[in-house]
1. Can you spot the lysines whose alpha carbon is less than 18 Å from K115's alpha carbon? Ignore those fewer than 8 places along the same chain.
2. Kirkwood hydrodynamic radius (Cα pairs, Å) of the chain?
3. Using θ = phi - 60° and the Karplus curve 6.51 cos²θ - 1.76 cosθ + 1.60, what whole-Hz ³J(HN,Hα) does each residue of region 74-89 get, with Gly and Pro shown as x?
4. Amide H neighbours of I93 under 5 Å, counting only residues 5+ apart in sequence or on other chains, H built in-plane at 1.01 Å?
5. In the chain, with Lys and Arg counted as +1 and Asp and Glu as -1 at Cβ, which of these residues, C7, A33, F113, has the Cα nearest the positive end of the dipole, that is, farthest along it?
6. Short version: ³J(HN,Hα) in whole Hz for each residue of region 114-129, in order, from phi by Karplus 6.51 cos²θ - 1.76 cosθ + 1.60 (θ = phi - 60°), x for Gly and Pro, what are they?
7. Under 12 Å from the Cβ of E63, count the other residues' Cβ atoms, weight Lys and Arg +1, Asp and Glu -1, and hand me the total.
8. Could you go through region 38-51 in sequence order and give the Karplus-derived ³J(HN,Hα) for each residue, using 6.51 cos²θ - 1.76 cosθ + 1.60 with θ = phi - 60°, rounded to whole Hz, and x for Gly and Pro?
Amino acid sequence: MAELMNCPNCGGLFVKTNIRDVCENCYKEESKAFEMVYKFIRRRENRTATIFETSEGTGVDEELIIKFIRTGRLQLAQFPNLGYPCQKCRTIIREGNLCIDCTKELRTELSTFEKEQERMKELKERNKSTYFAEKKF
Ligand SMILES: [Zn+2]
Ligand SMILES: [Zn+2]
């Protein structure tokens, strides 16, 4: 189904497709940028470039390069130093949304939260039974 939306880049209206989340014009621009990035990173001396160096070398926005990586357009397998920042601490990572440390931290936070939830539930249950107990008498 055709879905009209505003291009996140330039604000123009366009029909969203699976492969395109920006308008025709911006998509062309992105493709050009991708070509530049790809050409740059494929040179042997640039294989180990970081995202920052790639951005400097091509003039392409870091954010856009990150998008290429996230959408899988730029495959990381051949480029050991490429990656994108962890959503929490900005460490460069190569998969998922968070780095190992932040994932661990999140897990601890989650389990604390779950335990707290469990405790509240128990407390509620207990209150309920006391309530019913009182009613009976
Ligand atoms: Zn656009
Ligand atoms: Zn992190």
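1. Of all the lysines, those that pass the test against K115 - Cα under 18 Å, at least 8 places apart if same chain - are K104, K124.
2. Values: mean 1/r = 0.0531 Å⁻¹.
Here the Kirkwood hydrodynamic radius works out to 18.8 Å.
3. 9, 7, 7, 3, 8, 10, x, 9, 7, x, 9, x, 4, 5, 9, 10
4. Long-range HN contacts for I93: Y84, C86.
5. The listed residue farthest towards the positive side: F113.
6. 5, 4, 4, 4, 4, 4, 4, 5, 4, 4, 4, 4, 4, 4, 4, 5
7. On the way: positive: K67, R70; negative: E30, D61, E62.
The answer is -1.
8. Calculated HN-Hα couplings, in order: 5, 4, 5, 6, 7, 4, 4, 6, 9, 3, 9, 5, 8, 5 Hz.
Quick note: the coordinates plus some simple rules give every number you see, no bench work behind them. All of these numbers come straight from a predicted model, not from anything done at the bench. Cβ coordinates were reconstructed from backbone atoms using ideal geometry, including for glycine residues, and neighbour counts include every protein chain displayed.
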